[in-house]
Structures are given as structure tokens and as C-alpha cells.
Amino acid sequence: MSEPVAAKVLVVEDNRTMLALMQYYLSKDFTVFLARSAEEALEVLQREQLHAVVSDQNLGDGLMGVDLLKRVAELQPHAARILVTASQKLEDAQKAINEARVNHFLTKPFTEQELKNTVGQAVHNAALVAIRDKMVQELKDQLGLRPAAKPAAGAVPGAKAGSPPSTRVKTVEPQKPESKGAATPSLIPESERLAFRDGLTGLYNHRYFQEALSAGLLSARRREQKLALVLVDIDGFRRFNLSRGYAEGDKLLRRVSQVVTEMMEDPVTHTRSDNSSEIAARYDWDVFGVVLCNADVERARTYADKVRKAVEEMAFPEEDGMAGEVTVTVSVAVFPDQARNEQELISTAEKALRTSKAGGPNRVVLATR
């Protein structure tokens, strides 16, 4: 297997010493480009496709870091944007988020590990967004959807010459709206959802899961962190479908998928970010896959046992008489403890799941090499 190309990171800082120090910290994991002004940074942006831009807020050339990152968002929207600042004012952060769509912040003074972790996480999240966008575009191409023709600068589509300029957002139109059965604009949001989401559970689909796992392992290897793969299999699901019917089986899949995601929530905020690098997906018919980043065996096993207990204790209507009858078997495999690459990680997790189910339901099992 060929070695993956290192992510390209541009660092913008007018202090020569700080610039050299940041290059030293990041060069082991990334291909680093340096700029001491916004002008130099824009030159790099014109010739290099970047994965992330790290910019100090005070560039010393009349342009602030947030202004530069705003240009980055326009020129290379997929590149992660990281603002380095000494300010802790909420209004400054809000401006950076609203105007430059800044993804991450670094507050001075910061440590080497804080810098590497922030850039690594930003690059990883940007990779996941790029994967989603690619899958959305592929599905739109299959459905025959394309961007509307771009009007002349400042012109409103269909407007006569001399009409006032418009800030209307570019829309997407079908290729042949006059033909019978042609796609309509209402299909576009649906196509975006279907590109990487499972239609029944709303979790990510298997293809996105595979892409995200690859990106997660690349990030874990680069940052020398662990990554856990958790597989959750509903015990006796085929028998459940035959006895209860497929409609009830679909309901059960949705309920278990909800448990899988709820157990991933932040214990303080109880929320999950859509850009989170930790994902849950419909891995197979009755199996869910979960990627936990920077997770050792203990953390992954704790999560797996929480899922197992939550499913076992799921409440059902009294007339169903199913309390305690629905269970899951969960396997856990951790990179690099039990696997050196993606194929080994999946193989060891699946093998552990098969071995555990052969020994009885409602268990958590740790994979071995």
C-alpha cells in the first residue's frame, strides 16, 4: 500500500521566530508552507491546493487574519481555517465564525501539542466534509442535476438590463425540466441527504462509513493516536422480523440506531456536532458501525457496554411483552492495538463479533490480533 500524501498546511505569521517554530512543530506530520503577510499567503493559495490555513489575527500589513481567512473561504472552501489570537472576547470569535467561517481557534500562548491537535483535527474534519461533498455531487450527477447557468456579474436571472444587482444564492436546476418525470429543485435537498445517509435510520451509510474510517485512521496515524471501531449487532433480528413483521423490524432498527447515537453524546452538553469526526453508520442489515477517535480500549469498551445496557433496558409498550428480550452483541477493535491498517481493523472487529455471537447474545467482546 502506497504512503498517503501529507496534508498541505499554510501557516501565516509575521513574526519570523514564531513562524519557524510552528513550521518545526508541524513539519513532521504535514507539508508546511510559510507566509509572513497576507500578500504572500494569497500567492500560495493561487498555486497550491491546501488542506488547512493557520493564520495569526495580527498580520502587520494592514490586513487582519480574519480577513485573510475570509478570502480562503472564497478561494478554497474545503480548506480548514484556523485563527490564532490572543483575544478571548466572544464578539471577536463570532465575527470570525460569521464572516470567515473559521473552523478552529488557537489562543495564545499555546503548546506544541495544542497546535498539532488543533491542526490535525481541523484537517480531519475538512476531509470528512470533502467526502460528503464528493458523494453529494456524484448523486446529483446520477440524477441529472446541475448548477444553474451563472449570470453576468450583478445580474438577476431573467431580469432586464439595468435591473439592480442581487445577492441571491446560486440554485441548482434540472437539466431537462420540460421532460416528463424530470428532477425538480425539491429533489436537491433530498439528494444531498441520500448521498451519505441511510434512508431508514438516518445514520451514515456504509460507503460514507468506509471513507470516514479511512480518513480517521490517516488522522490517528498522523497524530499518533488510537482509534476504535465498534460493531453493534442486534441479536436474533432475522427471527424478530419473521415473528413480528418487517414493519416492526424497521421500528426496532430505528430505536437501536437512536441508542447508538445517544450514547455518543457529549456528557456535558448532550449534543453532537454534524461535523464531528466520530460517526455512527448503518454498517449492514442489522449491524451498526461506530468510529471513536482518540479512543483507547477502556473508552471504547465503556461506550459499547453503555449501548448494550441501554438496548437491554429499552422500554416497550406493555402489551408487547418485549422488555429485556431485545439485546445486542458488541465488538470492539482498536488501532493500533489490534490492527495496523483499515482492513485488519475491520477484519478483527467482524471476527470478534462472530465469535461472540456463537457463544451467546447480549455481550461485549474485545478483539484480539
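The values are calculated or read from the model by the stated rules, or taken from the named source; none is laboratory data. Computed from a predicted model, the values in this text were never measured in an experiment. All Cβ positions, glycine included, derive from the backbone under ideal geometry; neighbour counts span all protein chains shown. These area figures cover heavy atoms from the full protein model, side chains too; ligands, DNA and RNA do not enter into them. Shrake-Rupley method; radii C 1.70, N 1.55, O 1.52, S 1.80 Å.
Take the conditions (1) surrounded by fewer than 16 Cβ atoms within 10 Å (Cβ to Cβ); (2) of a type in the set (D, E, K, R); (3) modelled with pLDDT of 90 or more; ASP61 misses just one of them, which is (3).
Selection of segment 6-36 for residues being in contact (Cβ under 8 Å) with a residue 24 or more places away in the chain, surrounded by fewer than 19 Cβ atoms within 10 Å (Cβ to Cβ) and either among the basic types (Lys, Arg) or in contact with a Ser or Thr (Cβ under 8 Å, 6 or more places away or on another chain) (or both) yields ALA6, LYS8, ASP14, ARG36.
Out of segment 126-148, which residues are in a loop (DSSP other than H, G, I, E, B) and either at pLDDT 50 or above or closer than 16 Å to GLN210 by Cα (or both)? Can you show your working first?
Restricting attention to segment 126-148, the residues satisfying the condition of being in a loop (DSSP other than H, G, I, E, B) are 144, 148.
GLY144, the sole residue that qualifies.
Would you confirm whether or not segment 210-233 contains a residue that is open to solvent by less than 70 Å² (accessible area, probe 1.4 Å), of a type in the set (A, V, I, L, M), over 30 Å from HIS51 (Cα atoms) and at pLDDT 90 or above? It would help to see each step written out before you state the result.
Of segment 210-233, the ones open to solvent by less than 70 Å² (accessible area, probe 1.4 Å) are 210-220, 222-223, 225, 227-233.
Still in the list and also of a type in the set (A, V, I, L, M): 212-213, 215, 217-218, 220, 227-232.
Filter again for over 30 Å from HIS51 (Cα atoms), leaving 231-232.
From the residues that got through so far, the ones that are at pLDDT 90 or above too are 231-232.
Looking through segment 210-233, at least one residue is open to solvent by less than 70 Å² (accessible area, probe 1.4 Å), of a type in the set (A, V, I, L, M), over 30 Å from HIS51 (Cα atoms) and at pLDDT 90 or above.
Restricting GLN88, GLN76 to those that are at pLDDT below 75 and either of a type outside the set (Lys, Arg) or under 23 Å from the mean Cα position of the chain (by Cα) (or both) reduces the list to GLN88. Scanning segment 203-254 for residues being part of a loop (DSSP other than H, G, I, E, B) and in contact (Cβ under 8 Å) with a residue 12 or more places away in the chain gives a total of 6.
Given the criteria over 18 Å from ALA280 (Cα atoms) and not in a helix (DSSP H, G or I), does ALA352 qualify? For ALA352, the condition - over 18 Å from ALA280 (Cα atoms) and not in a helix (DSSP H, G or I) - is not met.
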